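Have a look at the structure below, then the notes.
What follows draws every value from the coordinates through simple rules; no lab data is involved. The structure presented is a predicted model; accordingly, all values stated were derived computationally and were not measured. Don't worry about glycine lacking a Cβ; one is built from the backbone with ideal geometry, like all the others, and counts go over all protein chains shown.
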């Protein structure tokens, strides 16, 4: 918050404001969720058809070591899901709210800067989740791309992104129970 004051910016500047239209926000959530699922399915199809060699997805093993064994452990699931949601919200604030705006300002706030900002934050988002070029990093980068496009296309409001991100992460965690 101190840095925000020094930069003379507010939470509203990064996208934390009441939506003008809840209907539009719901459409944004549905769009980002659908775009994410479709882009992952397209990637999986292209990866197999083109024979792309990417590092194997080790996320299940990492998740087990990070969250504990969730299989048939609903108490553990419900005890960690609020933290998963908090992490989702913080990632949206950082990756979409701050990073896209910062890159755009650094590149003179043109439409080209917006494209570069959305692509760059998606790459950083993907690499931050697996630290290598793997199936997981590409999949998460596609999620970041969907969220970045949604952020720009739907009025730079973070709330629909936060809800979509929480929904995606909840579904991911439910697969492990």
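Which of [x] -0.41, -0.83, -0.91; [y] -0.34, -0.93, -1.05; [z] -0.30, -0.87, -1.00 is the computed log10 I(q)/I(0) by the Debye sum over Cα atoms at q = 0.09, 0.15, 0.16 Å⁻¹ for the structure on display?
Correct label is [y].
Could you give the length gained on full extension between residue 39 and residue 119, defined as 0.36 nm per residue of separation minus the Cα-Cα distance, in nm? Walk me through the numbers before you get to the answer.
Numbers: separation 80, 0.36 × 80 = 28.80 nm, distance 1.46 nm.
Length gained between residue 39 and residue 119: 27.3 nm.
Can you sort 120, 45, 139 by how many other beta carbons sit within 10 Å, fewest first?
Numbers: 120 16, 45 10, 139 22.
Taking fewest neighbouring Cβ atoms as first place, the list is 45, 120, 139.
Going by how many other beta carbons lie within 10 Å of each one, how would you line up 104, 92, fewest first? Kindly include the intermediate steps, with their values, before the conclusion.
Numbers: 104 20, 92 25.
Sorted ascending by nearby Cβ count, the order is 104, 92.
Taking 30 Å as R0, compute the FRET efficiency from the Cβ-Cβ separation of residue 30 and residue 133 and round it to 0.05. Don't skip to the answer; put the middle values down first.
Numbers: r = 30 Å, r/R0 = 1.01.
That gives a FRET efficiency of 0.50.
So if each residue of separation counts as 0.36 nm, and I subtract the Cα-Cα distance between residue 107 and residue 23, what length gain in nm does that give?
Numbers: separation 84, 0.36 × 84 = 30.24 nm, distance 3.29 nm.
Value of the extension gain: 27.0 nm.
Round to a whole angstrom and tell me the spacing of the C-alpha centers of the stretch 162-177 and the stretch 25-47.
14 Å
Say we join alpha carbon atoms closer than 10 Å with springs in a Gaussian network model of the chain; which of 96, 156, 128 then has the biggest fluctuation?
Taking springs between Cα atoms under 10 Å, the residue moving most is 128.
Report the residue, chosen from 90, 16, 46, that carries the largest GNM mean-square fluctuation when the chain is represented by alpha-carbon nodes joined by springs under 10 Å.
Checking each option, the largest mean-square fluctuation is seen for 46.
Sorting 4, 32 on the 10 Å Cβ count, fewest up front, what's the list?
Values: 4 13, 32 26.
Exposure proxy ranking, most exposed first: 4, 32.
Give, in nm to one decimal, the length gained when the segment between residue 50 and residue 83 is fully stretched (0.36 nm per residue of separation minus the Cα-Cα distance). Present the calculation step by step, with values, prior to reporting the outcome.
Numbers: separation 33, 0.36 × 33 = 11.88 nm, distance 3.80 nm.
Contour length minus Cα-Cα distance gives 8.1 nm.
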